[in-house]
Amino acid sequence: MNWSRYNYIYSIEDGVFIYNSRSTSFLKINKEIKHIIDLKSFNKLSNDVYDLFVKNKIIVSEGEDDSYFSLNKLANLKRVYNQKNLSLTIAPTTGCNFACPYCFEEGILAKHITADVEEKLLEFIRNQNPDKLRITWYGGEPLLKFNTIKKLSLQLEQYNFIKNISYSIITNGYLLNKECCDFFKDHNMKEIQVTIDGLPETHNKTRIHKCGKGTYDIITRNLDYAINTMPKCKFKIRVNVNHDNIKEYAILKKTLQKRWKSENVNIYYSYIENCGDEDKNCLSVNNKYEFIKSILQDKGLSNEIKYLKHTLGGCTANIINSYVVGPDGSLYKCWQDLGVSTKVIGSIFNNICTKPTLLANYLTDSSKFNDNVCKECFLMPVCSGGCSLKRYENKFKNANHNICPYSQEEIKLFLNASYNKIKKNA
């Protein structure tokens with residue numbers, strides 16, 4: 001029997017533990033067992049410990065880890081090349097009513113969908129003939145084109161060959177008014193993502209309306225109505241954490257949790273990614289570590305850190321039947337490619353892939369299953385693999401991105417949090 005590559009030994013106040021990401025188990029070990037492990041003399045383990053190690057995949061047969069990896073890679077390939085389902089991220093406009101300083105779409109020309117594009121989009125979907133259709137409304141600010149969203153939704157729902165249609169939307173929330181909510185309630189809106197970047201004063205400095213008005217009060221009032229009106233819809237309230245609001249996150253989350261006492265509301269943090277521009281107010285690795293540490297020490301936020309769960313990872317970029325559709329009908333594979341002419345892979349008007357190499361690179365080279373470092377990493381079964389765009393750029397553009405979504409310091413914090421949850425629930 002062999003030591004599994006998915007093991008990780010670490011020490012905390014409670015003792016020394018083995019974490020295995022394949023079984024997601026935590027086993028406490030003493031000095032004697034640790035010595036046997038160091039020597040790889042597993043035959044010296046007691047029968048009970050040996051059986052426990054086998055059961056929790058701590059020790060595995062020859063080639064078992066490779067087989068596990070291959071089976072997961074196969075499951076991912078089946079998902080990647082499944083053409084029965086169609087997922088579209090549709091941007092009816094690249095225009096926006098906000099002027100957020102950190103927006104990655106800054107400088108992209110504002111375009112708006114036309115009647116011709118709407119008709120071609122419907123035809124494109126008919127030609128795909130999917131069993132299931134998932135649409136994410138995106139932008140720009142998609143609610144600037146609510147009438148388009150409404151019109152297309154009503155027409156798509158007449159297609160009897162589609163067994164299931166579901167919708168989600170990423171919006172700044174400013175136009176999420178009664179009319180929108182009442183419509184979404186009756187048309188299978190599954191998820192709404194809105195960003196709130198801090199307490200009112202801080203939020204109003206970053207989530208800036210182009211006319212100069214504050215936006216916090218209008219967004220939260222809109223969400224009051226939306227959450228009450230759509231109890232079956234999941235609301236993701238995202239907080240983009242940076243140097244300006246990092247100390248407000250705990251207060252903001254508790255404030256919003258009191259305001260929206262619904263299980264369907266998830267308030268969570270995300271980081272403004274460093275794109276090489278120092279004035280983007282991005283957090284360093286050390287800043288992130290201290291931030292997560294402060295959350296874990298806050299009793300009101302300790303559940304913020306979730307269990308590390310099995311995942312195949314991936315995103316729109318990795319799925320063959322998943323596209324981002326621009327307002328002019330251009331097709332892309334990554335959300336961040338929207339509006340970038342060199343990243344257009346085709347068009348709904350001719351259904352021809354104009355950049356097959358780019359498409360192939362996204363589909364075959366931006367997955368964790370094609371990365372030997374990921375294959376050997378102990379976190380592979382529970383790690384998303386990081387950003388597909390960064391992975392693509394690292395390989396083909398010699399960009400200096402850190403692909404790994406976790407630092408070593410963060411991993412220890414996440415593991416400790418997961419262990420504490422298990423201990424609490426035991």
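Values for this structure:
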| item | result |
| --- | --- |
| Residue in region 416-423 that is under 30 Å from Pro92 (Cα atoms), over 20 Å from the mean Cα position of the chain (by Cα) and of a type in the set (A, V, I, L, M) present | no |
| Checklist (1) under 30 Å from Asn164 (Cβ atoms); (2) buried (at least 18 other Cβ atoms within 10 Å of the Cβ); (3) not aromatic (Phe, Trp, Tyr) applied to Arg79, failing item | (2) |
| Selection from region 19-60 of residues that are closer than 17 Å to Glu376 by Cα and either open to solvent by less than 50 Å² (accessible area, probe 1.4 Å) or not basic (Lys, Arg) (or both) | Tyr19, Asn20, Ser21, Arg22, Ser23, Thr24, Ile58, Ile59, Val60 |
| Which listed residue, of Ile251, Ile320, Ile267, Ile295, is assigned to a strand (DSSP E or B), at negative phi and modelled with pLDDT under 95 | Ile267 |
| Residue in region 13-24 that is small (Gly, Ala, Ser) and in contact with a Ser or Thr (Cβ under 8 Å, 6 or more places away or on another chain) present | no |
| Residue within region 147-164 that is surrounded by 22 or more Cβ atoms within 10 Å (Cβ to Cβ) and in a loop (DSSP other than H, G, I, E, B) present | no |
| Some residue of region 115-129 being open to solvent by less than 70 Å² (accessible area, probe 1.4 Å), at pLDDT 95 or above and not in a helix (DSSP H, G or I) | no |
| Tally of residues being on the phi < 0 side of the Ramachandran plot, part of a loop (DSSP other than H, G, I, E, B) and out of contact with any strand residue (DSSP E or B) (no Cβ under 9 Å at 6 or more places or on another chain) across region 185-220 | 5 |
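The rows are residues; the columns are (1) among the aliphatic types (A, V, I, L, M); (2) farther than 19 Å from Asp298 by Cβ; (3) modelled with pLDDT of 95 or more; (4) surrounded by fewer than 17 Cβ atoms within 10 Å (Cβ to Cβ).
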site	(1), (2), (3), (4)
Asn177	no, yes, yes, yes
Cys180	no, yes, yes, no
Lys213	no, yes, no, yes
His243	no, yes, no, yes
Arg259	no, no, yes, yes
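The values are calculated or read from the model by the stated rules, or taken from the named source; none is laboratory data. The structure presented is a predicted model; accordingly, all values stated were derived computationally and were not measured. Ideal geometry is used to build each Cβ from the backbone, glycine not excepted, and the neighbour counts take in all protein chains shown. The protein model used for the area step is the full one, side chains on, heavy atoms only, and it has no ligands, DNA or RNA in it. Shrake-Rupley method; radii C 1.70, N 1.55, O 1.52, S 1.80 Å.
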